[in-house]
Amino acid sequence: MRAASWPSFVTRLAGAAPAFMLATAILCGATPATNARADQRDAASQQNLDSRVEDLLIRLTTAEKIGQLNLVSRGEPIDNQLARVRSGEIGLMLNVVHPHEVKAFQEAARTSRLGIPLLMGLDAITVFRVAMPLPLALAATWNPPLIEAATEAVARETAANGINWTFAPMVDLSRDPRWGRVSEGGGEDPYLASAIAAARVKGYRKAGLATAVKHFVGYGAAEGGREYNAVALPVSELFDRYLPPFRAALDAGSETVMAAFNTLNGIPISADRRLLTTLLRERLGFRGFVTSDYNAIGELIHHGVAGDLAEATRKSLLAGIDVDLEGAAYERHLAGEIAAGRVPMSVVDEAVRRVLRVKIGVGLLDRPQPETPPPPPEAEVRAVAREASRQSLVLLKNTGDLLPIAASVRRIALIGAWAEGDYDLSWWGPAGLTRPETLPLRAALEQRLTPGQTLTFEKGYADTCGTMPGDVARAAATAADADLAIVAVALDCDLWGEAASRTDLGLSAPQRQLVEAVAATGRPVVLLVSTSRPVVLTAVEPLAAAILVVWHGGTEGRTAIAEALAGEISPSGKLPMTFPRSVGQLPLSYDALPTSRPTGADRFTSRYVDLDAAPLYPFGHGLSYAAFDYERIETSTSFLPAQDGKISVAVTLRNNGTRTADEVVQLYIRQRVASRSRPLRQLKGFERVRLDPTERRTVTFTLTSTDLGYHDDEGRLIVEPGSFEVFAGGSSAATLSTRFDLVGETVTMMR
Ligand code: BGC
């Protein structure tokens with residue numbers, strides 16, 4: 001295989017990410033959030049905004065107010081919907097994707113009595129036309145500036161069709177790979193997920209889309225990983241793990257929030273005033289509006305907290321759900337509830353104010369025509385997509401430096417129907433749009449063969465998702481005739497995301513049998529794993545010399561894989577979620593609490609009698625074609641005060657390999673002794689760097705005392721003195737460490 005030089009575009013987005021430290025300005029009731037701080041900076045414009053809102057509000061009839069809270073999906077017939085917009089019954093829409101329809105709906109809104117434009121929402125996640133790698137794959141880049149650029153590109157394509165609001169980012173912490181929506185999030189760790197949440201909100205907003213950070217809160221902790229299931233979370237865990245990504249998204253300016261479907265500690269979130277009002281608004285200082293999830297108001301009846309839709313309407317609005325997403329609840333019952341005196345008009349007014357504030361805030365009322373900026377050039381979007389795909393590739397294993405494929409390897413067998421397909425996740429984008437072409441892996445590899453190298457191909461299984469058996473004997477014979485076999489397998493390519501929970505995370509039987517048959521030829525096996533979530537690879541791992549996780553990489557994904565196999569680039573992604581050995585180990589995360597009997601060889605320790613308790617591959621793991629050695633870790637001081645303290649940690653690493661490559665330097669802490677058990681490790685910093693062979697680099701992280709705290713059962717942040725270990729390395733299993741002390745009195749704050 002031919003090794004080419006790095007494209008110059010790469011240098012702009014790779015290795016340039018500054019260390020992201022969790023925002024210290026955490027939100028609390030007394031000092032409300034970013035939106036409020038921005039208000040202070042610009043009190044005059046805030047006053048102006050408020051008076052514009054009031055001016056509209058006093059002119060709205062009750063029916064029109066209810067219309068401003070009514071979010072309706074594009075349905076048939078369009079003329080009916082246009083008439084309803086004209087009469088003020090609908091204030092927000094979703095799934096209108098074609099520019100001529102967006103225009104027609106906005107014109108209808110302009111001819112309504114007060115001419116208030118519509119918020120036009122869409123699940124613009126990581127695909128509009130060009131498909132980026134799915135969000136979990138983006139998370140594997142550990143590169144927030146690149147994620148911001150990828151998000152902005154998708155958002156610019158979306159905005160070009162007149163859409164002005166996205167139902168994203170999903171920032172639900174995803175710690176259970178059985179849950180299908182782990183594909184849509186930023187992984188299992190609150191620090192990494194917060195960095196990603198902020199980057200994505202910024203990316204969307206740069207392109208002019210308002211965001212709906214979702215799903216507030218705890219949705220990812222569904223019991224058993226089963227979609228829509230109940231969630232039980234201690235308050236301390238809610239604050240330490242599940243809230244930080246929301247805080248980061250709000251700090252980055254998310255205008256709206258989507259509430260989650262589930263119950264949290266027994267109360268359905270769509271009816272939980274403590275969460276939607278006391279926590280989100282009073283404590284976190286959020287001033288935008290909250291939308292329900294799809295028909296979630298009506299589903300309060302299924303949850304068993306409302307006897308009918310009128311009661312569900314009342315409970316949701318009073319709890320703090322401002323907007324009804326496709327539930328037709330407010331539309332049907334709010335007027336009656338107001339008339340009966342069960343819902344005060346002041347509550348309705350406040351919800352309408354929030355919606356109008358967002359509409360005015362994003363400039364909707366200042367534009368004579370709906371804004372449709374030109375779409376970004378496809379080549380530019382593809383370039384970002386390619387770079388994101390490259391950096392998302394995670395090399396789990398590379399025995400004997402089998403990868404990249406050496407020029408001396410003459411006969412390469414490529415096996416697996418997936419490798420011939422061009423499926424690029426397009427179903428996840430809006431329907432009815434033309435999609436750019438995706439080059440299949442087979443073709444991308446053929447382009448990279450050196451003179452004398454050959455590539456033979458066999459399907460091995462019958463369908464591109466690997467669920468139907470194929471001609472395994474033929475595939476094995478093809479492998480036997482080659483010097484090296486690449487076997488492409490896929491999990492989830494047909495069913496993932498919402499409502500795609502799984503109890504089995506292993507490869508399908510046809511794919512397992514294929515890997516076994518190919519490995520039995522004795523040829524070295526490279527396993528390519530396409531997936532939307534962690535896969536249980538325990539059965540096939542010993543059969544492969546090299547394993548590359550390629551996710552669902554989008555439009556440019558397959559070309560990026562070919563580049564990595566050929567050595568044009570080095571894999572540099574790191575796992576954003578633990579890869580377990582078995583579903584029976586779940587839940588399994590690197591930041592677990594210690595147990596009374598740490599896992600050991602002895603029977604009476606925290607272990608399984610039938611399986612190693614450790615993951616197959618830990619959080620943060622990912623190899624490279626270079627060889628990075630972590631040489632030194634040093635703190636700027638041996639102690640810092642619990643009150644307003646700061647410490648720097650300098651980490652030195654060297655590339656002792658022969659190739660230029662990126663490494664994601666990771667920093668973890670552990671407090672050994674405190675008033676409550678502290679996690680075995682917690683990520684507190686990371687930075688992607690690019691090092692040439694023999695190059696040495698020192699990366700400096702800054703930790704503040706509040707970064708070292710934890711929340712108690714009242715949701716207070718406790719910064720407790722004690723000794724801390726700090727670890728640095730290329731995964732959560734990093735071994736290089738030092739210590740420092742946090743000194744003084746315990747500090748307690750509402751953060
Ligand atoms: C999902 C949301 C999504 C909404 C609108 C719901 O089923 O849970 O995340 O934004 O549909 O499409």
Checking Gly327, Gly285 in turn, the sole residue that is within 16 Å of the ligand (Cβ to nearest atom), assigned to a loop (DSSP other than H, G, I, E, B) and not polar (S, T, N, Q) turns out to be Gly327
In the stretch 162-180, residue nearest to the ligand (Cβ to nearest atom) [restricted to those that are farther than 17 Å from Met577 by Cα and open to solvent by less than 10 Å² (accessible area, probe 1.4 Å)]
Phe167
Filtered residues of the stretch 272-296 (kept if within 18 Å of Glu498 (Cβ to Cβ) and among the aliphatic types (A, V, I, L, M)):
Ala296
Just checking, how many residues over the stretch 550-603 are in contact (Cβ under 8 Å) with a residue 60 or more places away in the chain and either of a type in the set (D, E, K, R) or part of a loop (DSSP other than H, G, I, E, B) (or both)?
30
Among the residues of the stretch 128-152, write down those that are open to solvent by less than 10 Å² (accessible area, probe 1.4 Å), under 17 Å from Pro374 (Cα atoms) and either more than 13 Å from the chain's Cα centre (by Cα) or hydrophobic (A, V, I, L, M, F, W, C) (or both).
Phe128, Val130
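Residue check: is Ser731 at pLDDT 95 or above, open to solvent by 10 Å² or more (accessible area, probe 1.4 Å), touching a strand residue (DSSP E or B) at 6+ places or on another chain (Cβ under 9 Å) and not in a loop (DSSP other than H, G, I, E, B)?
Details: at pLDDT 95 or above: yes; open to solvent by 10 Å² or more (accessible area, probe 1.4 Å): yes; touching a strand residue (DSSP E or B) at 6+ places or on another chain (Cβ under 9 Å): yes; not in a loop (DSSP other than H, G, I, E, B): no.
So Ser731 fails the test.
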Taking the criterion of being away from the ligand (no atom under 16 Å from the Cβ), modelled with pLDDT of 95 or more and surrounded by fewer than 20 Cβ atoms within 10 Å (Cβ to Cβ), would at least one residue in the stretch 244-251 satisfy it?
no
Right, Thr291: of a type in the set (Val, Ile, Thr) and either within 22 Å of the chain's Cα centre (by Cα) or open to solvent by less than 10 Å² (accessible area, probe 1.4 Å) (or both) or not?
yes
Quick check: anything in the stretch 515-527 assigned to a strand (DSSP E or B) and in contact (Cβ under 8 Å) with a residue 60 or more places away in the chain?
yes
Residues in the stretch 650-660 that are under 17 Å from Thr702 (Cα atoms) and either open to solvent by 10 Å² or more (accessible area, probe 1.4 Å) or within 28 Å of the chain's Cα centre (by Cα) (or both) total 2
Out of Gly729, Gly715, Gly722, Gly744, sole residue that is within 21 Å of Leu243 (Cβ to Cβ) and small (Gly, Ala, Ser):
Gly715
Here are the criteria: (1) farther than 19 Å from His711 by Cβ; (2) surrounded by fewer than 23 Cβ atoms within 10 Å (Cβ to Cβ); (3) within 16 Å of the ligand (Cβ to nearest atom). Tell me which single one Val257 does not satisfy.
(2)
The stretch 590-615, residues that are of a type in the set (A, V, I, L, M, F, W, C) and open to solvent by less than 30 Å² (accessible area, probe 1.4 Å):
Ala613
Any idea which of Glu563, Glu634, Glu663, Glu556 is on the phi < 0 side of the Ramachandran plot, open to solvent by 70 Å² or more (accessible area, probe 1.4 Å) and among the acidic types (Asp, Glu)?
Glu634
So if I check each of Glu299, Glu326, Glu282, which one is open to solvent by 10 Å² or more (accessible area, probe 1.4 Å) and either under 21 Å from Gly361 (Cβ atoms) or free of Cβ contacts under 8 Å to residues at least 12 places away in the same chain (or both)?
Glu282
Extreme residue, nearest to the ligand (Cβ to nearest atom), among residues of the stretch 307-323 that are open to solvent by 10 Å² or more (accessible area, probe 1.4 Å) and farther than 30 Å from Met750 by Cα
Leu309
Looking only at residues that are without any contact (Cβ under 8 Å) to a residue 60 or more places away in the chain and surrounded by 22 or more Cβ atoms within 10 Å (Cβ to Cβ) in the stretch 470-507, which one is farthest from the ligand (Cβ to nearest atom)?
Ala476
State whether the residues of the stretch 100-122 include one that is within 16 Å of the ligand (Cβ to nearest atom) and open to solvent by 50 Å² or more (accessible area, probe 1.4 Å).
no
Set Val201, Val213, Val127: member being among the aliphatic types (A, V, I, L, M), more than 22 Å from Lys684 (Cα to Cα), within 16 Å of the ligand (Cβ to nearest atom) and in contact with a strand residue (DSSP E or B) (Cβ under 6 Å, 6 or more places away or on another chain):
Val213
Please find, within the stretch 41-66, the residue that is nearest to Met345 (Cα to Cα) out of those that are without any contact (Cβ under 8 Å) to a residue 40 or more places away in the chain and among the aliphatic types (A, V, I, L, M).
Ile58
Quick one: would you say Val536 is surrounded by fewer than 24 Cβ atoms within 10 Å (Cβ to Cβ), under 23 Å from Trp179 (Cα atoms) and in contact with a Phe, Trp or Tyr (Cβ under 9 Å, 6 or more places away or on another chain)?
yes
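Going through Val355, Val381 one at a time, which residue ends up being touching a helix residue (DSSP H, G or I) at 6+ places or on another chain (Cβ under 9 Å) and farther than 30 Å from Gly620 by Cα?
Just a single option satisfies the conditions, and that option is Val355.
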Please go through the stretch 707-728 and pick out each residue that is surrounded by 18 or more Cβ atoms within 10 Å (Cβ to Cβ) and either part of a strand (DSSP E or B) or more than 32 Å from the chain's Cα centre (by Cα) (or both).
Tyr710, His711, Leu717, Ile718, Val719, Pro721, Phe724, Val726, Phe727, Ala728
For the structure I just gave you, tell me whether Glu184 is away from the ligand (no atom under 16 Å from the Cβ), in contact with a helix residue (DSSP H, G or I) (Cβ under 9 Å, 6 or more places away or on another chain) and under 25 Å from Arg382 (Cβ atoms).
no
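The values are calculated or read from the model by the stated rules, or taken from the named source; none is laboratory data. These numbers were taken from a predicted model, which means no experiment stands behind them. Every residue, glycine as well, gets a Cβ built from its backbone with ideal geometry; the counts of neighbours run over all protein chains shown. Keep in mind that these areas ignore ligands, DNA and RNA; they rest on the heavy atoms of the full protein, side chains included. Shrake-Rupley method; radii C 1.70, N 1.55, O 1.52, S 1.80 Å.
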